[in-house]
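In what follows, a single structure is set out as structure tokens and then discussed.
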Amino acid sequence: MSNHQRRIAIFGSTGSIGTQALEVIASHPDKFTAEILTAHGNEELLIEQAQKYNPNIVVIGEEKKYLKVKEALANTDIKVFAGEKALEEVAGMDCYDLMLAAIVGYAGLRPTLKALEIGKAVGLANKETLVVAGDIVMRKAVENRVPVIPVDSEHSAIFQCLVGETRNPIEKVILTASGGPFLGRKPNYLVNVKREHALQHPNWSMGAKITIDSATLMNKGLEMIEAKWLFNLQPDQIQVVIHPQSIIHSMVQFEDGSVKAQMGLPDMKLPIQYAMGFPQRIKSNFPRLDLKKFNTLSFEEPDLRTFRNLVLAMEALNKGGNLPAIMNAANEVAVYAFLRNRVNFLDMTDVIEKTMNKISFIEQPTLEEYYQSDGEARTFAADIIKL
Ligand code: NAD
Ligand code: MG
């Protein structure tokens with residue numbers, strides 16, 4: 001292996017972000033190798049990926065699938081590990097250059113913290129990590145002098161707008177939101193929508209959890225909190241605007257009033273590749289944006305009376321402490337239940353709100369307290385739904 005290749009550890013390689021990251025690696029074998037691949041339950045795809053990309057290590061989350069993976073890879077020298085603990089242990093191994101954090105939800109937090117602890121750069125897709133414990137995660141990154149490079153398209157846009165602006169304070173950031181499949185709809189309509197409908201996102205094809213979050217606008221709320229930690233902002237410096245075409249991926253306004261935007265067709269491979277190659281831009285053959293094909297780029301206010309999850313997230317953003325962690329846990333439980341037809345679309349908001357009101361507030365939690373708040377919130381939310 002030549003030493004200019006960057007060794008990538010893809011945590012969550014079988015997901016929507018993970019598979020696209022592997023496509024980027026496949027297109028640039030001179031620049032990247034897949035060093036670690038991890039999956040939760042999809043052992044078939046993990047095995048297939050391992051055979052194709054020949055990583056050093058794979059981890060299968062579900063321990064009962066260990067033997068199957070081990071046997072399938074017996075004729076290779078790929079090391080196989082299993083279980084939740086192994087994720088963290090492998091993240092702590094000094095065999096890669098950059099972790100692509102593409103696990104969904106709270107489960108991504110511990111391995112990401114471990115990567116930062118041992119001084120690895122992180123390309124962060126897993127926004128829940130920053131929602132739960134953003135202060136601790138970013139402090140670890142600063143202490144160990146490693147970058148956290150956003151993969152989320154909005155934050156990648158802001159990050160790209162900030163290149164060359166290190167000395168210039170941000171006045172505010174404007175996060176764009178597509179509005180999801182139910183843009184313009186009212187509660188009397190939303191009360192009846194089913195999972196199949198909510199899973200149809202107009203512009204992006206993504207994992208189930210983030211697709212539901214996009215339909216409820218919780219995704220944008222999580223992204224506001226993500227932006228706070230990534231760019232060290234006050235809550236009132238973070239604004240959301242609905243932009244249904246998803247061409248402007250987000251904007252930064254500087255103190256002179258100038259606004260920079262980053263644009264492109266909606267394709268997650270672009271921010272994934274940018275994070276993997278940073279600070280270099282890598283030539284790509286992705287389809288190019290032709291603005292003449294878009295008659296209008298439009299912008300509007302989010303409908304906060306209908307999409308109340310965004311209001312709850314703003315409250316969590318403003319209040320801080322363990323409230324974002326509590327909200328995130330309740331949301332994960334609520335989305336899980338909605339995907340199994342156990343609650344209706346609007347009930348998700350009630351579950352989150354009740355949980356946020358119930359679990360004790362801690363202003364400056366330790367990591368252990370974040371873990372505890374997550375657990376308490378999950379138990380309480382699951383109880384409401386009778387999961
Ligand atoms: P996904 O559901 O498609 O994939 C999730 C991956 O995480 C899979 O590889 C799965 O095996 C693994 N995983 C799931 N639960 C796990 C657990 N308990 N322990 C260990 N591994 C587990 O999700 P996705 O759409 O790829 O999203 C991944 C992350 O990236 C999310 O945090 C999401 O918010 C963020 N993100 C995704 C997109 C997108 O376009 N998909 C865009 C922006 C941000
Ligand atoms: Mg996003």
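A short reminder: the numbers here are calculations on the coordinates, not readings from a lab. Only a predicted model underlies this, so the values are computations on that prediction, with no experimental measurement involved. Virtual Cβ from ideal backbone geometry, glycine too; neighbours counted across all protein chains shown.
Name the strands (runs of 3 or more DSSP E) wholly inside segment 65-156 in which the number of residues that are within 16 Å of ligand 2 (Cβ to nearest atom) and over 16 Å from the mean Cα position of the chain (by Cα) is 3 or more.
none
Across segment 195-214, which residue is farthest from LEU346 (Cα to Cα) among those that are charged (D, E, K, R) and under 16 Å from the mean Cα position of the chain (by Cα)?
Of everything passing the filter in segment 195-214, LYS209 is farthest from LEU346 (Cα to Cα).
Quick one: which residue in GLU300, GLU376, GLU332, GLU368 is farther than 21 Å from GLN234 by Cβ, under 24 Å from the mean Cα position of the chain (by Cα), surrounded by fewer than 16 Cβ atoms within 10 Å (Cβ to Cβ) and acidic (Asp, Glu)? Don't jump to the end; show me each part of the working.
Details: GLU300 fails: under 24 Å from the mean Cα position of the chain (by Cα); GLU376 fails: surrounded by fewer than 16 Cβ atoms within 10 Å (Cβ to Cβ); GLU332 fails: surrounded by fewer than 16 Cβ atoms within 10 Å (Cβ to Cβ).
Being farther than 21 Å from GLN234 by Cβ, under 24 Å from the mean Cα position of the chain (by Cα), surrounded by fewer than 16 Cβ atoms within 10 Å (Cβ to Cβ) and acidic (Asp, Glu) holds for just one of GLU300, GLU376, GLU332, GLU368, which is GLU368.
Would you please name the residue that is surrounded by the most Cβ atoms within 10 Å (Cβ to Cβ), looking only at residues in segment 120-140 that are near ligand 1 (Cβ under 9 Å from one of its atoms) and either of a type in the set (A, V, I, L, M, F, W, C) or over 22 Å from SER16 (Cα atoms) (or both)?
If we take residues in segment 120-140 being near ligand 1 (Cβ under 9 Å from one of its atoms) and either of a type in the set (A, V, I, L, M, F, W, C) or over 22 Å from SER16 (Cα atoms) (or both), then ALA125 is surrounded by the most Cβ atoms within 10 Å (Cβ to Cβ).
Scanning segment 23-66 for residues that are basic (Lys, Arg) and away from ligand 1 (no atom under 12 Å from the Cβ), which turns out farthest from ALA275 (Cα to Cα)?
So the residue we want is LYS64.
So which residues in segment 295-311 are out of contact with any helix residue (DSSP H, G or I) (no Cβ under 7 Å at 6 or more places or on another chain) and either farther than 20 Å from MET263 by Cα or of a type in the set (Asp, Glu) (or both)?
The answer is GLU300, GLU301, ASP303, ARG305, VAL311.
Where in segment 193-278 are there strands (runs of 3 or more DSSP E), lying wholly inside it, with at least 2 residues that are farther than 22 Å from ALA313 by Cα and more than 13 Å from ligand 2 (Cβ to nearest atom)?
Strands (runs of 3 or more DSSP E) meeting the threshold: 248-254, 259-263.
Which of (1) within 20 Å of the chain's Cα centre (by Cα); (2) farther than 26 Å from ILE136 by Cα does LEU289 not meet, given it meets every other one?
Going through (1) within 20 Å of the chain's Cα centre (by Cα); (2) farther than 26 Å from ILE136 by Cα one by one, LEU289 breaks only (1).
Contact list please: Cβ distance under 7 Å, first residue in segment 95-116 and at positive phi, second residue within 16 Å of ligand 2 (Cβ to nearest atom), pairs at least six apart or on different chains.
Close Cβ pairs (under 7 Å, with a partner that is within 16 Å of ligand 2 (Cβ to nearest atom)) amount to GLY105/GLU128; GLY105/LYS209.
Could you say whether any residue in segment 169-179 is in contact with a Ser or Thr (Cβ under 6 Å, 6 or more places away or on another chain) and more than 16 Å from ligand 2 (Cβ to nearest atom)?
Scanning segment 169-179 turns up no residue that is in contact with a Ser or Thr (Cβ under 6 Å, 6 or more places away or on another chain) and more than 16 Å from ligand 2 (Cβ to nearest atom).
Pairs only if they're at least six apart or on different chains, beta carbon under 9 angstrom, first in segment 207-221 and at positive phi, second within 11 Å of ligand 2 (Cβ to nearest atom); list them, first residue then second.
Filtered contacts from segment 207-221: LEU217/ALA177.
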